[in-house]
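The values are calculated or read from the model by the stated rules, or taken from the named source; none is laboratory data. Treat the numbers as computed from the prediction; the structure is a model and nothing was measured. Positions of Cβ are backbone-derived with ideal geometry, glycine not excepted, and every protein chain shown enters the neighbour counts. Note: areas computed on protein heavy atoms with side chains; ligands, DNA, RNA excluded. Shrake-Rupley method; radii C 1.70, N 1.55, O 1.52, S 1.80 Å.
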Amino acid sequence: MTVSAEVCPIDLADGLARAGDDRAFYRELLDLFLDDARQRLVHLEAALSGGDLTQVASIAHSIKGAAANLAAERARALAWAIESRGRAGDGTGLAELAGELAAELERVADFTRSFEA
Amino acid sequence: MRVLVVEDEPVSRRMLSAAISRMGYDVVAAADGREAWDVLRAEQIGLVVTDWMMPEMDGLQLVEKIRGSELGRYVYVILLTSRSESRDAAEALEAGADDFIAKPWHRDELTARLTAGRRILDLQAALQEKNLLLERMTRVDGLTGIGNRRNFDEEFPRAFETARRFHRFLSVAMLDIDRFKAYNDRFGHEAGDIALRAVAAAIDETVRTADQSFRYGGEEFCCTFPETDEAGAGIVADRLRAAVERLGIVHPENCPWGVVTISVGVAALQPSTTVDPEDLLRAADQALYRAKAQGRNRTVALAPERLLAPR
């Protein structure tokens, strides 16, 4: 996975546009996303250690959708990578990708904290 | 119109709900197919926008469940899918979805598809209303506006069964306009129709709330009196007879009254007897025959033992 961690975790212009340029609403969505994605990630890691790659793909799919909605591009790309490998039944590197996704979620959380609604 | 949004992932659910709500729809949200199903049964939902991939019951299963059940109304279903292969679209439509939207969805497309759905629902509702009206019309007599023979043939056995099951009385009256052929011959069929209408209205206004009146055919009417024995039915029936006479519709051939009158035959179902609806009706017909034979413009209630007599 070679997605630069240096860029901003959110494409703010795109994300805001998706939220109808409503900053308060966008902030609410970010909070919803973080809350939900962190929980899902816990389930994803559990499924991963249980070797249930179908479940891994399904969870990653949900995170991917939400991340796409918020223009959290890197989180989306990571979730997509996990989903496609899980779907292909290819478990290699999935634990690392999950770790990267967890770190990326924290970057989104940092961004959210600094985001003025 | 009320729209149900079904999506397990909260960000998408919130965004979809907000977008649809901003279009002026009343939005209810559910987190999976099972929850959605509970909402559908409890609330008047016209349109469902559901995600495909969900835990528990997925979008496709939800559609199948909606189509396989009787909700009493048509529910328009739009399936959201990130799967874009045409094979998936075919699967969605085959399962019973009306439309599908590819994810990520865009506001303009969502608006347009909801509008299309609403248009179909409106047409559907108008059609359903017309069907109901037509359905009702098949049970109403076109001339007099009261129940027709077909209506009676459906209602009478039902009332009979209820009475028998709960050991209640049920009475039925057969009513026939006296010398109606002579009236038609003298005044013409148009006047005959007017008289029929007036008689039907008088009968329908005079029966009690739980009673029902029907045009049985030609100049013959019939009434059902639930929870009423032959004595009570005789009193109500004679009130009908008097009401018709009071109309004062001139009928010179109907001696000695000179106005339109009816003869009435009444029969009552005794609780815990083993007659069938036809027996009861036949008894009322016999009573009517007697009323005619005894001079017309009168009510004859058949003694209950006549019903029990072997045929």
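What to note about this one:
- Among the candidates B:ARG186, B:ARG149, residue that is surrounded by fewer than 19 Cβ atoms within 10 Å (Cβ to Cβ) and in contact with a strand residue (DSSP E or B) (Cβ under 6 Å, 6 or more places away or on another chain): B:ARG149
- The residue that is least open to solvent (accessible area, probe 1.4 Å), among those in the range A:16-43 that are facing chain B (nearest Cβ under 10 Å) and outside any helix (DSSP H, G or I), is A:ALA19.
- Residue match in the range A:60-76 (condition: of a type in the set (Val, Ile, Thr) and open to solvent by 20 Å² or more (accessible area, probe 1.4 Å)): no
- Count of the range B:134-146 residues which are among the acidic types (Asp, Glu) and open to solvent by less than 30 Å² (accessible area, probe 1.4 Å): 1
- The C-beta contact set for the range B:135-151 (first residue without any contact (Cβ under 8 Å) to a residue 24 or more places away in the chain, second residue in a loop (DSSP other than H, G, I, E, B) and of a type outside the set (S, T, N, Q), distance under 8 angstrom, 6+ apart or interchain) comprises B:VAL140/B:ILE146; B:ARG150/B:ARG139.
- Among the residues examined, B:ALA90 does not qualify as open to solvent by 10 Å² or more (accessible area, probe 1.4 Å), in contact with a Leu (Cβ under 9 Å, 6 or more places away or on another chain) and of a type in the set (Gly, Ala, Ser).
- Some residue of the range B:210-227 being out of contact with any strand residue (DSSP E or B) (no Cβ under 7 Å at 6 or more places or on another chain) and farther than 24 Å from B:CYS255 by Cβ: yes
- Among all positions in the range B:70-77, there is at least one residue which is open to solvent by 70 Å² or more (accessible area, probe 1.4 Å) and farther than 17 Å from B:VAL49 by Cβ.
- The set of residues in the range B:1-28 that are touching a Lys or Arg at 6+ places or on another chain (Cβ under 8 Å) and either more than 15 Å from B:LEU80 (Cβ to Cβ) or open to solvent by 50 Å² or more (accessible area, probe 1.4 Å) (or both) comprises B:MET1, B:TYR25, B:ASP26, B:VAL28.
- Of all residues in the range B:224-252, those satisfying the criterion of being among the acidic types (Asp, Glu) and at pLDDT 95 or above are B:ASP238, B:GLU245.
- Any pair with Cβ under 9 angstrom, 6 or more apart, that starts in the range B:155-179 at a residue that is within 30 Å of B:PRO256 (Cα to Cα) and ends at one that is part of a helix (DSSP H, G or I) and basic (Lys, Arg): B:LEU175/B:ARG241; B:ASP176/B:LYS292; B:ASP178/B:LYS292
- Here the range B:96-108 is the region considered, the condition is being more than 14 Å from chain A (Cβ to nearest Cβ) and not charged (D, E, K, R), and the residue that is surrounded by the most Cβ atoms within 10 Å (Cβ to Cβ) is B:ALA97.
- Residues located in the range B:29-51, provided they are within 23 Å of A:ALA37 (Cβ to Cβ) and open to solvent by less than 10 Å² (accessible area, probe 1.4 Å): B:ALA30, B:GLY33, B:ALA36, B:VAL49, B:THR50, B:ASP51
- Helices (runs of 4 or more DSSP H) wholly inside the range B:1-95 containing at least 3 residues that are within 14 Å of chain A (Cβ to nearest Cβ) and among the basic types (Lys, Arg): B:10-22
- Residue, most open to solvent (accessible area, probe 1.4 Å), within the range A:48-59, restricted to residues that are in a helix (DSSP H, G or I) and more than 12 Å from chain B (Cβ to nearest Cβ): A:SER49
- Annotation note: of B:THR111, B:THR162, B:THR81, B:THR115, the sole residue that is over 15 Å from the mean Cα position of the chain (by Cα), within 30 Å of B:LEU60 (Cβ to Cβ) and surrounded by fewer than 14 Cβ atoms within 10 Å (Cβ to Cβ) is B:THR115.
- Any chance A:GLY86 is assigned to a loop (DSSP other than H, G, I, E, B), in contact (Cβ under 8 Å) with a residue 12 or more places away in the chain, within 15 Å of A:GLY51 (Cβ to Cβ) and out of contact with any strand residue (DSSP E or B) (no Cβ under 9 Å at 6 or more places or on another chain): no
- Looking only at the range A:77-108, and only at residues there that are open to solvent by 10 Å² or more (accessible area, probe 1.4 Å) and closer than 16 Å to A:ASP35 by Cα, the one that is farthest from the other protein chains (Cβ to nearest Cβ): A:ALA103
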